[in-house]
1. Given the peptides 261-272, 92-103, 327-338, arrange them by the average over their residues of other C-beta atoms within 10 Å, most packed first.
2. How much FRET efficiency would the formula 1/(1 + (r/R0)^6) give for SER359 and LYS88, where r is the Cβ-Cβ distance and R0 is 56 Å, rounded to 0.05?
3. Determine how large the accessible area of GLU132 is when every protein chain is in place; take a 1.4 Å probe and give Å² rounded to the nearest 10.
4. With the cut-off at 26 Å, report for the stretch 340-474 the share of all Cα pairs above it, as a whole percent.
5. Just check the stretch 467-522 against the gyration tensor rule for me: Cα atoms, a ≥ b ≥ c as the square roots of the eigenvalues, rounded for a/c under 1.5, and otherwise prolate or oblate depending on whether a/b exceeds b/c.
6. How far apart, in nanometres, would the label points at GLU190 and GLU132 be if each is projected 7 angstrom from Cα along the Cα-to-Cβ direction?
7. Return an integer: the convex hull volume of the alpha-carbon atoms of the stretch 430-535, in Å³ per residue.
8. Using a basic spin-label model with each label point 7 Å from the Cα along Cα→Cβ, how many nm lie between VAL481 and GLN103?
Amino acid sequence: MNQTPSGESQIKQPLVYAKYVVQRFVIWKTVVAWGSGGGMPVESGSSAASRQAKQKRKSHSLSIRRTNSTEQERSGLQRDMIEAQDSKLPLSLRSNLLDLFSQIEREFENLYIENLELRREIETLNDRLAAEGQTVEGADLAKGALKTKASHSTSQLSQKLKTTYKASTSKIVSSFKATTSRAVCQLVREYVGHRDGIWDLSATRSQPVVLGTASADHTAMLWSIETGKCLLKYTGHQGSVNSIKFHPTDQMALTASGDQTAHIWRYMVQLPTPQPVADVSQQPACEDDVDFSDKDEADGELEGPNDCPCVRLPVTTLRSHQGVVIAADWLVGGKQVVTASWDRAANLYDVETSELVHSLTGHDQELTHCCTHPTQRLVVTSSRDTTFRLWDFRDPSIHSVNVFQGHTDTVTSAVFTVGDNVVSGSDDRTVKVWDLKNMRSPIATIRTDSAVNRISVSVNQKIIALPHDNRQVRLFDMSGVRLARLPRSNRQGHRRMVCCSAWCEDNTSCNLFTCGFDRQAIGWNINIPALLQEK
């Protein structure tokens with residue numbers, strides 16, 4: 001009994017709770033004492049005498065008197081109470097019970113005094129804040145669960161103040177930034193049809209340009225960017241499809257799955273006639289942070305695209321992992337692919353023979369992502385062990401590896417830029433930009449308010465798109481300057497965690513795509529020149 005009773009976030013008077021504790025304690029202790037004494041006492045005599053004794057015992061009530069007397073006075077009082085009461089309990093048992101009640105009372109006295117001291121400290125902090133002209137909106141500092149130690153309570157209160165001020169400040173700054181960038185970041189189209197969350201997406205590198213999505217519903221889909229229509233569905237995997245990447249020149253797709261395999265499959269699609277895009281700027285403006293109610297969210301069973309053709313068999317199946325294959329990518333030239341798995345290894349395969357060329361081991365925990373350099377034979381893998389590794393295959397005779405420990409939590413993704421940079425994102429709510437020529441420390445660090453998932457960097461302007469757990473998507477430049485936050489309201493934007501972002505700068509209608517656990521992918525039009533001009 002060294003803590004205040006739990007309940008609503010208030011400082012409760014200890015004696016309010018003491019009554020219940022004492023009653024329960026009396027029953028328990030009495031039963032234990034009687035059990036150790038050979039069983040329940042049996043009354044003798046007639047039934048009338050028994051009823052009279054019960055009525056006499058019922059007339060006596062137990063009372064706990066608060067007192068500041070010394071231990072000797074307490075013991076004397078106990079003896080007087082024992083002698084004055086008419087009870088069938090043995091004298092030693094009654095004395096033991098009263099001694100235990102006294103200990104309970106002293107414990108609650110200490111808690112009461114400690115709570116008074118904590119209340120005075122809180123009032124002092126409130127007075128100090130009021131003197132400095134600072135207020136905390138919606139926060140009552142006199143409320144909340146208080147720990148038994150004053151130092152712990154003060155630390156907790158300080159942390160609460162910091163969190164509240166950070167949240168309010170971030171909200172104000174975010175609202176200003178979103179207002180200025182709303183005209184240059186517009187939602188163009190939604191791609192709806194998957195029956196579960198979408199883990200990954202990417203756009204083809206060759207004609208025809210289509211959008212590919214990988215979903216936990218065991219399928220991958222190809223979409224018309226202009227119309228939002230599903231063009232093809234791949235159903236060859238037996239588990240969640242965690243990643244999708246397209247061949248640099250051929251109409252082939254590479255998918256990684258929870259069934260411990262990666263598939264290479266061919267596709268042939270015919271683009272439909274484009275339809276006019278609705279002007280989203282004419283929609284009524286609304287607050288960006290309006291939350292969705294459960295009734296408004298499209299969480300029901302969605303009718304998937306039934307009229308699009310299906311591909312059921314892969315051209316090549318890559319097998320050698322002993323765990324979930326979480327990501328896969330093509331090496332430059334498209335003759336080799338690399339896969340990353342939860343078995344803590346990344347594998348390099350030959351596409352033509354489907355043979356394992358190298359097994360890249362060294363991570364201490366499950367891998368989360370892999371990425372290849374667009375022009376060089378370089379691979380970067382990220383892991384839950386808070387590190388990412390750079391694998392160099394430029395020299396066929398030497399395969400070097402470098403380990404980078406720049407984060408404090410799971411590295412969710414690490415990607416190359418066209419130049420000599422690597423950008424890493426983590427669950428520690430930071431994104432770091434690294435120079436390949438000097439990777440000892442990051443050249444820029446971006447701190448956010450939510451975990452960062454699979455990031456993407458635009459080819460031309462090197463703008464980083466950050467998808468967050470809190471449903472937000474933010475844009476930064478390589479120096480860490482925030483450019484914009486994509487609109488999110490009750491009419492547009494993601495309703496669940498955003499899992500991935502992908503740039504497609506060559507497309508005129510949508511040059512950025514995002515996907516998430518709300519079972520949809522979204523195409524955005526980012527006016528990059530206007531965005532950079534605002535900076």
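The values are calculated or read from the model by the stated rules, or taken from the named source; none is laboratory data. In this text, all values refer to a predicted model and were calculated from it rather than measured experimentally. So basically every Cβ, Gly included, is an ideal-geometry build from the backbone, and we count neighbours across all protein chains shown. Side chains included, ligands, DNA and RNA excluded: accessible areas come from the protein's heavy atoms. Shrake-Rupley method; radii C 1.70, N 1.55, O 1.52, S 1.80 Å.
1. Most protected by this proxy first, the peptides run 327-338, 261-272, 92-103.
2. Working from the Cβ atoms, E equals 0.10.
3. Around 110 Å² of this residue is reachable by solvent.
4. Of all Cα-Cα pairs in the stretch 340-474, 20 percent lie more than 26 Å apart.
5. It comes out oblate by the Cα gyration axes.
6. So the two model labels end up 4.4 nm from each other.
7. Roughly 108 Å³ of hull volume per residue.
8. 6.9
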